[in-house]
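**Q** Please read through the structure below; I'll follow up with questions.
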Amino acid sequence: MTRSVVDLDRLTAAGVRDGSLAGRSVTVLGLARSGIALARFFADAGCRVTVYDVRPAAELAPATEALGRRPIELALGPDVEPAGTWAGADLIATSPSINPDFPTTEPRLRAALRVVVDAHLANPTGSPALVSEADLVLRMCPCPTIGVTGTKGKTTTSSLIAALLAGDPVHPTILGGNIGVPLVECMTELTPEHRVVIELSELQLPTLSRGTTVAVYTNVTSDHLDRHGSLEAYRRAKRRLAELVDGNGALVINADDPVVATYASLGRAPVVSYRLGRPAAAGLGLEEGWIVASAVERLAAAGGGRAETGPRGRIMPVDELAIPGLHNVSNALAAVAVALLFGVAPDAIRSAAAGFAGVEHRLERVATVDGVQFINDSQGTQPDAVIAALRAFPRPLVLIAGGRDKGVDLSGLGPVAAARADAAVLIGESGPVLAEMFRGNGMTRVELATSLEEAVARGDAIARDLLEASGAAGSSGPATVLLSPAAASFDMFVDYAARGRAFKAAVAALAEQQRAVRSSR
């Protein structure tokens with residue numbers, strides 16, 4: 001008898017809404033953000049759902065509570081045999097970090113999944129398919145999608161794209177993927193009139209079998225080599241979005257990035273390039289302090305024809321952008337390109353871009369305390385991102401960095417840190433290595449701290465010393481204490497967001513302490 005596994009090629013959001021998955025058996029692997037969303041989606045679609053996670057149940061209490069009262073079977077803990085959780089399943093759905101091709105996947109689970117993949121390839125109708133949340137979303141989504149990827153800048157760019165597209169009230173915009181709402185839970189509510197912006201990381205890209213309507217690239221450097229094994233493998237994963245882009249859509253690429261620039265020939269879709277200079281044909285760039293566009297054609301889904309701009313292709317002055325740094329000008333160019341492709345009016349683009357203040361943990365302005373501004377760039381885990389952050393602020397500047405080494409080459413960071421920052425306060429496992437590197441490049445004031453709270457206090461004290469010295473020299477302006485770690489968070493925090501929140505809490509405590517001192521005088 002042929003097994004009745006779920007045929008992903010025939011799965012639609014409308015079909016799920018009408019009950020096409022009711023009664024099917026689905027196993028969800030991983031109970032993090034994507035896994036929770038997948039479990040709820042399948043349970044609400046009438047499926048019999050089993051969730052597997054190697055972590056013990058006590059550690060997963062908040063996640064299991066997020067499942068509500070849905071009748072979901074939990075298979076949690078290191079004693080559970082993974083393969084047993086999908087015996088008889090019609091479909092297996094995974095969180096993005098779970099992949100039989102990733103060496104970072106739990107070894108038992110990785111080996112068991114390899115058997116599943118091979119069996120499905122040999123007999124697609126007799127064994128369950130393995131599908132990620134991102135691929136499931138792109139298979140079912142009934143409306144145009146904008147996929148955004150890159151080593152750095154994708155969160156800011158995705159968020160800004162969503163803000164600009166919201167300037168067209170006729171087409172509601174949803175932001176998801178790595179950020180925003182879990183998209184799989186929105187699928188049955190979407191219509192063809194919606195626009196969906198999806199931030200896609202190197203975790204999700206290798207799992208995709210479908211492309212997005214528009215593919216947007218910020219940059220591709222080096223990251224996550226522990227998962228991909230080599231720089232070439234990492235870049236191969238990143239190329240996936242360009243290779244799959246809808247031929248009726250568009251490929252938006254950063255012409256200033258030497259790797260991304262080569263992607264122009266990969267897809268079947270028209271290319272729109274952007275650069276920090278004069279725009280190429282069918283592209284965006286900068287002229288006389290303005291963001292300008294040249295010969296950008298709207299998508300067929302937006303009516304086709306030449307995208308509207310102001311005189312001489314002008315969209316907005318660069319200095320109206322609220323997000324700091326030249327790298328964010330590049331991100332804004334990418335976002336404006338997408339908005340033009342979808343026919344958003346230039347006045348609406350200008351207004352939305354000027355009002356966009358950035359996203360949490362990305363050059364986030366936390367507070368200014370007695371002339372010292374504190375910037376939370378906790379997602380600055382990769383050297384290129386930290387270099388961009390250092391270049392976004394004038395001196396006096398104190399850098400807080402350190403954490404768990406990600407295995408990427410940090411040698412390019414040392415000279416820039418020494419040239420741009422007056423001092424560094426270093427934390428975590430990589431703190432001593434960074435201290436040696438910074439001193440070796442000529443930075444004279446380098447300190448180690450045992451906690452982020454101590455680092456904030458030391459950074460503040462150094463910044464005040466620098467302000468006093470610069471005031472005596474006749475200069476003006478605030479000093480900056482910048483958290484941009486150049487490292488992962490896992491030696492001290494559960495993730496980058498927890499590190500960023502701890503930084504903001506430490507700044508708030510410092511501000512309160514300073515207020516108390518002033519009031520006691």
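Quick note: the coordinates plus some simple rules give every number you see, no bench work behind them. Note that the coordinates shown come from a computational prediction; the quantities given were computed from them, not determined experimentally. So basically every Cβ, Gly included, is an ideal-geometry build from the backbone, and we count neighbours across all protein chains shown.
**Q** Once both axes come from the Cα atoms, what is the angle between helix 33-44 and the longest principal axis of the chain, in degrees from 0 to 90, rounded to 10?
**A** Taking Cα atoms only, the helix is inclined about 30 degrees.
**Q** Amide H to amide H, which residues 5 or more places from TRP290 or on other chains are under 5 Å from it, using H placed in the peptide plane?
**A** Result for TRP290 returns VAL318.
**Q** Right, next: Find, among the GluC sites (Glu not before Pro) in the range 426-521, those assigned to loop by DSSP (not H, G, I, E, B) with at most 16 other beta-carbon atoms within 10 angstrom.
**A** Within the range 426-521, the qualifying GluC sites (Glu not before Pro) (loop, at most 16 other Cβ atoms within 10 Å) are GLU429.
**Q** Next question, about the same structure. Identify all aspartates and glutamates with a Cα-Cα distance to LYS406 below 16 Å; exclude those on the same chain that are fewer than 8 residues away in sequence.
**A** GLU202, ASP223, ASP226, ASP384, GLU429, ASP491, ASP495
**Q** Could you please rank VAL197, VAL26, VAL216, placing first whichever residue has the fewest other Cβ atoms within 10 Å of its Cβ? Present the calculation step by step, with values, prior to reporting the outcome.
**A** On the way: VAL197 31, VAL26 26, VAL216 35.
Ascending number of Cβ neighbours within 10 Å: VAL26, VAL197, VAL216.
**Q** Counting other beta carbons within 10 Å of each residue's own, what order do HIS120, HIS171, HIS327 fall into, fewest first?
**A** So the ranking, lowest neighbour count to highest, is HIS120, HIS171, HIS327.
**Q** To continue, here is another question. Which one of THR94, VAL54, ALA455 has its Cα pushed farthest toward the positive end of the charge dipole of the chain, where Lys and Arg give +1 and Asp and Glu give -1 at the Cβ?
**A** THR94
**Q** Further question: Among SER34, SER265, SER20, SER4, which comes first, second and so on when ranked by fewest other beta-carbon atoms within 10 Å? Could you put the intermediate results ahead of the total?
**A** Values: SER34 28, SER265 8, SER20 17, SER4 11.
Neighbour counts put them in this order, fewest first: SER265, SER4, SER20, SER34.
**Q** For the range 141-354, what Kirkwood radius comes out of the mean inverse Cα-Cα distance, in Å? Please report the intermediate quantities before stating the final value.
**A** Details: mean 1/r = 0.0592 Å⁻¹.
Hydrodynamic radius (Kirkwood, Cα only) of the range 141-354 equals 16.9 Å.
**Q** Taking the Cα centre as origin and putting +1 on Lys and Arg beta-carbons and -1 on Asp and Glu beta-carbons, what dipole magnitude results for the range 364-520, to the nearest 20 debye?
**A** Working: 15 positive and 18 negative charges, 68 e Å.
Magnitude of the dipole: close to 320 debye.
**Q** What list of ³J(HN,Hα) couplings, whole Hz, do you get for the range 323-328 from phi and the Karplus terms 6.51, -1.76, 1.60, once you set θ to phi - 60° and write x for glycine and proline?
**A** With the stated coefficients, the range 323-328 comes to 7, x, x, 5, 4, 6 Hz.
**Q** I'd like the Karplus ³J(HN,Hα) series for the range 124-129: coefficients 6.51, -1.76, 1.60, θ = phi - 60°, whole numbers in Hz, and an x wherever there's a Gly or Pro.
**A** After applying 6.51 cos²θ - 1.76 cosθ + 1.60, I find x, 8, x, 9, x, 7 Hz.
**Q** In whole Hz, with x marking every Gly and Pro, tabulate ³J(HN,Hα) for the range 382-396 from phi via Karplus 6.51 cos²θ - 1.76 cosθ + 1.60, θ = phi - 60°.
**A** 10, x, 4, 5, 5, 4, 4, 5, 4, 7, 7, 10, x, 6, x
**Q** Hey, another quick one. Taking the Cα centre of the range 8-134 as origin and charging only Cβ (+1 Lys, Arg; -1 Asp, Glu), how large is the dipole, in debye to the nearest 20? Walk me through the intermediate numbers first.
**A** On the way: 12 positive and 14 negative charges, 46 e Å.
Dipole size: approximately 220 debye.
**Q** Then there's this: For the range 364-520, give the share of DSSP beta bridges that are antiparallel, in percent and rounded to the nearest 5; count only bridges with both residues there.
**A** On the way: 6 of 22 bridges.
Antiparallel bridges: around 25 percent, rounded to the nearest 5.
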